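Q: Pasting in a structure now, in structure tokens, and then I'll have a few things to ask.
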Amino acid sequence: MPETKFKTTILSTKMKKILLLSVTIIMVVSGKAQRTADIGIWGGTSTYFGDIDGSKTFGKFNPNFGAYYRYNFNSRVAMRAMLLMGNFSAEGNIENVATGFSKTVQDLSVQAEINYLKYVLGGKNTPFTSYVTFGLGVAYFGYQLNPAFIASFNPDHNKGNAAVDESVVTATLPFGIGFKYTIGQRLGIGIEYQMRKLFSDKLDNLDDPLAYITTDTNTGGEKQVIYNDPLHNNDWTSYLGLHITYKIYTGKRACAAYDSKN
């Protein structure tokens with residue numbers, strides 16, 4: 001496996017437990033809390049982790065932009081629907097053969113957002129906090145397969161002879177950390193880093209590139225040998241950016257008592 005690959009079996013199990021725990025927390029703490037809502041814009045750069053070796057993390061600026069809607073159950077727990085769109089690219093090598101890709105990715109996710117400190121946008125007593133996010137999502141991007149290129153480092157590959165040009169929709173597991181700060185009664189800013197585990201290995205146009213076909217001497221036929229199973233052999237994406245948030249709904253009682261209550 002390339003050095004940039006992650007060992008995800010334990011992580012996937014932990015993510016399932018975290019998601020279940022987050023739903024429980026939201027149901028418990030949001031029952032009687034006053035609720036607010038925000039909208040925001042997001043801008044930054046992206047990078048990728050996959051089959052390509054030697055690519056630099058955030059070595060190239062890949063512009064990504066997005067928007068989100070956040071529903072705050074209280075000063076610590078929120079849910080966010082987020083859309084990100086932008087470029088991903090990398091240059092490096094696989095099996096000492098130079099390769100690279102550049103493409104547009106659209107990412108839609110729903111995430112829980114848990115504040116480390118109490119935070120109410122515009123609140124004088126709660127001006128800033130760090131936070132974590134996690135949830136579920138989908139990503140959409142193009143996939144171009146060149147069997148001749150795969151054959152240059154894996155002559156017995158199992159990709160066939162026909163070139164492929166298709167669109168991919170794959171599930172993702174997003175999670176991240178961030179910091180947000182109030183700069184006005186309804187306005188806030190922040191910085192955020194997020195990652196995505198993609199349930200696809202096609203982002204870099206190298207879908208299980210070291211898989212091959214071999215003759216099975218026990219049966220006299222051929223068999224396909226995959227490089228790794230789908231749980232491990234998948235790409236990752238990450239985003240680093242800034243966001244600006246505007247409060248659009250202050251709840252039924254937008255007053256100072258709300259800050260002290262929550």
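Q: As a quick test, which of the pairs Lys103/Lys180; Lys202/Lys247; Lys180/Lys202; Lys60/Lys197 have an alpha carbon distance above 28 angstrom in this structure?
A: Working: Lys103/Lys180 30 Å; Lys202/Lys247 38 Å; Lys180/Lys202 34 Å; Lys60/Lys197 21 Å.
Distance filter (> 28 Å) returns Lys103/Lys180; Lys202/Lys247; Lys180/Lys202.
Q: Modelling each spin label as a point 7 Å along the Cα-to-Cβ direction, I'd like the Tyr71/Asn93 distance in nm, to one decimal.
A: Placing both labels 7 Å along Cα→Cβ, they lie 5.2 nm apart.
Q: Taking the number of other C-beta atoms within 10 Å as the exposure measure, put Glu95, Glu192 in order starting with the fewest. Please list the in-between numbers first.
A: Details: Glu95 13, Glu192 18.
By the 10 Å Cβ count, ascending: Glu95, Glu192.
Q: Would you mind getting me the FRET efficiency between Lys60 and Thr215? Use the beta-carbon distance for r and R0 = 41 Å, nearest 0.05.
A: On the way: r = 42 Å, r/R0 = 1.03.
Once the sixth-power term is evaluated, E becomes 0.45.
Q: Considering the convex hull of the alpha carbon atoms of segment 44-122, report its projected area averaged over all viewing directions, in nm², one decimal.
A: On the way: hull surface 26.8 nm².
In nm², the orientation-averaged hull projection of segment 44-122 is 6.7.
Q: Considering the convex hull of the alpha carbon atoms of segment 114-171, report its projected area averaged over all viewing directions, in nm², one decimal.
A: Values: hull surface 29.2 nm².
Directional mean of the projected Cα hull area for segment 114-171 stands at 7.3 nm².
Q: Order by neighbour count: Thr45, Thr172, fewest other Cβ atoms within 10 Å first, most last.
A: Numbers: Thr45 17, Thr172 22.
Fewest-to-most Cβ neighbours within 10 Å comes out as Thr45, Thr172.
Q: Here's another thing I want to ask about it. Set the Förster radius R0 to 41 Å, insert the Cβ-Cβ distance between Ala148 and Met85 as r into 1/(1 + (r/R0)^6), and round the FRET efficiency to 0.05. List each step's numbers first, then the result.
A: Working: r = 31 Å, r/R0 = 0.76.
Between Ala148 and Met85 the formula returns 0.85.
Q: Taking H placed 1.01 Å from N in the peptide plane, check which residues at least 5 places from Ala67 or on another chain put their amide H under 5 Å from its amide H.
A: Those lying under 5 Å, H to H, from Ala67 are Trp42, Leu83.
Q: Can you give me the distance in nm between label points at Ile183 and Lys103, each placed 7 Å from the Cα along the Cα-to-Cβ direction?
A: Taking the two extended label points, one gets 3.6 nm.
Q: Work out the FRET efficiency for Ala37 and Leu240 from their Cβ-Cβ distance, taking R0 = 35 Å, and round it to the nearest 0.05. Before the final figure, lay out the partial values.
A: Details: r = 26 Å, r/R0 = 0.73.
With R0 = 35 Å, the Cβ-Cβ based efficiency is 0.85.
Q: May I pose another question? Kindly put Lys159, Lys60 in sequence by how many other C-beta atoms sit within 10 Å of each C-beta, fewest to most. Can you show the working numbers first?
A: Numbers: Lys159 21, Lys60 15.
Ordered by Cβ neighbours within 10 Å, fewest first: Lys60, Lys159.
Q: Sticking with this structure for a sec: Report, ordered by chain and residue number, the aspartates and glutamates lying within cross-link reach of Lys223, taken as a straight Cα distance under 20 Å and ignoring same-chain residues fewer than 8 apart.
A: Output for Lys223: Asp156, Asp207, Asp208.
Q: What does the extension gain come out to for Leu117 and Glu166, with contour length at 0.36 nm per residue minus their alpha carbon separation? All intermediate terms of the calculation are to be shown ahead of the outcome.
A: Numbers: separation 49, 0.36 × 49 = 17.64 nm, distance 4.50 nm.
Stretched fully, the Leu117-Glu166 segment lengthens by 13.1 nm.
Rule-based calculations on the coordinates, nothing more; no lab input. Just so you know, these numbers come straight off a predicted model, no measurement behind them. So basically every Cβ, Gly included, is an ideal-geometry build from the backbone, and we count neighbours across all protein chains shown.
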